[in-house]
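The values are calculated or read from the model by the stated rules, or taken from the named source; none is laboratory data. Note that this is a predicted model, so its numbers are computed, not measured. Glycine gets a Cβ as well: all are built from the backbone with ideal geometry, and neighbour counts include every protein chain shown. Calculation scope for accessible area: heavy atoms of the full protein, side chains included, ligands and nucleic acids excluded. Shrake-Rupley method; radii C 1.70, N 1.55, O 1.52, S 1.80 Å.
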Amino acid sequence: MNRDQFNGASRHLKGRVQTALGGLAGDPVRQVRGAANQVAGGAQYAYGRARDRAEDVIDDGRHIAHTARERAEDLAHTARGYAEDITHTARERADHVIRDGRHVAREARRRGESYGRQALAYADGHRTNTVLGIAALAFAAGWLLRRKR
């Protein structure tokens with residue numbers, strides 16, 4: 001659990017308490033503040049979860065790149081062994097396989113890290129929009145609660 005998840009959960013809980021106390025005391029302002037804190041806390045918790053998932057995607061990408069590199073190196077080693085036993089043409093083909101294997105490993109690593117960075121950027125990039133949306137919902141909820149009385 002990261003800091004955003006912890007802070008979001010505690011803010012959500014604080015909002016629930018505020019809403020309940022506002023209802024008991026008949027204080028609609030406290031109820032609205034509580035609802036806003038609930039929604040904001042839930043959003044912050046969701047952001048923390050998304051960030052955790054993005055970090056997991058980055059780690060998975062690195063692991064995939066590492067595995068691809070190891071496999072490419074194994075392939076390169078095997079290809080070199082065969083190349084020593086066959087003709088010049090076969091050696092040229094083996095070198096071509098080695099180059100392709102290294103290229104594939106570099107590309108797999110690049111893509112894995114790129115996808116991980118994109119996922120993390122998406123989570124970090126939409127934080128403001130999420131908070132603004134929650135604030136709008138909290139405002140609307142408060143407005144609706146005030147209109148009923």
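Sort F6, F139 by heavy-atom solvent-accessible area, probe 1.4 angstrom, most to least. Don't skip to the answer; put the middle values down first.
Working: F6 125, F139 150 Å².
Greatest to least solvent exposure: F139, F6.
Probe radius 1.4 Å, ligands and nucleic acids left out: which of S114, S10 has the largest accessible area, and how do the rest follow?
Values: S114 25, S10 55 Å².
The ordering from most to least exposed comes out as S10, S114.
Kindly state, as a whole number, the per residue volume in cubic angstrom of the convex hull around the alpha carbon atoms of segment 1-41.
Working: hull volume 1.5 nm³, N = 41.
Dividing the Cα hull volume of segment 1-41 by its residue count gives 36 Å³.
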Placing +1 on the Cβ of each Lys and Arg and -1 on the Cβ of each Asp and Glu in the chain, which of G133, G112, Y45 has its Cα farthest towards the positive end of the resulting dipole? G133
Solvent-accessible area of D60, probe 1.4 Å, all protein chains present, reported in Å² to the nearest ten, please. 90 Å²
